[in-house]
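The values are calculated or read from the model by the stated rules, or taken from the named source; none is laboratory data. Remember, it's a predicted structure, so these values are computed and weren't measured experimentally. Positions of Cβ are generated from backbone atoms using ideal geometry, with glycine treated the same way; all protein chains shown enter the neighbour counts. Accessible surface areas use protein heavy atoms only, side chains included; no ligands, DNA or RNA. Shrake-Rupley method; radii C 1.70, N 1.55, O 1.52, S 1.80 Å.
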Amino acid sequence: MAEIEVRGPDERGDWFLVAVDGEQETTFAEGYSTEAEAQAAAAAMRMKRL
């Protein structure tokens, strides 16, 4: 099962979520203004998967 990680900030200052499954990484949510917003979104997604 893929792990959800927070990455950023990118060149625009946005934070984003990445699904990491071994060597494969897929960005699936982006545009969070702060790391805290991205962390909260990642936590919510992790809880949905339980």
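So, in the range 37-50, how many residues would count as being aliphatic (A, V, I, L, M) and open to solvent by 70 Å² or more (accessible area, probe 1.4 Å)?
So the answer is 2.
Let's see how each residue does on (1) of a type in the set (V, I, T); (2) at pLDDT below 95:
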| residue | (1), (2) |
| --- | --- |
| A2 | no, yes |
| R7 | no, no |
| V18 | yes, no |
| Q24 | no, no |
| A29 | no, yes |
| E35 | no, no |
| A41 | no, no |
| M45 | no, yes |
| R49 | no, yes |
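Among the residues of the range 8-19, count how many are out of contact with any helix residue (DSSP H, G or I) (no Cβ under 8 Å at 6 or more places or on another chain) and not in a loop (DSSP other than H, G, I, E, B).
So the count comes out to 2.
May I ask you to list pairs of residues, at least six apart or on different chains, whose Cβ atoms are under 8 Å apart, with the first in the range 1-19 being closer than 11 Å to Q39 by Cα and the second being open to solvent by 50 Å² or more (accessible area, probe 1.4 Å) and in a loop (DSSP other than H, G, I, E, B)?
Close Cβ pairs (under 8 Å, with a partner that is open to solvent by 50 Å² or more (accessible area, probe 1.4 Å) and in a loop (DSSP other than H, G, I, E, B)) amount to W15/P9; W15/S33; W15/T34.
Mind checking which pairs have a first residue in the range 21-38 that is under 17 Å from E3 (Cα atoms) and a second that is hydroxyl-bearing (S, T, Y) and surrounded by 13 or more Cβ atoms within 10 Å (Cβ to Cβ), Cβ under 9 Å, 6 or more apart or different chains?
As it stands, the answer is A38/Y32, since those pairs meet every condition given.
Could you list, in sequence order, the residues of the range 20-36 that are outside any strand (DSSP E or B) and either loosely packed, with under 11 Cβ neighbours inside 10 Å or not β-branched (V, I, T) (or both)?
G22, E23, S33, E35, A36
Report whether or not E5 is part of a strand (DSSP E or B), surrounded by fewer than 16 Cβ atoms within 10 Å (Cβ to Cβ) and among the charged types (D, E, K, R).
For E5, the condition - part of a strand (DSSP E or B), surrounded by fewer than 16 Cβ atoms within 10 Å (Cβ to Cβ) and among the charged types (D, E, K, R) - is met.
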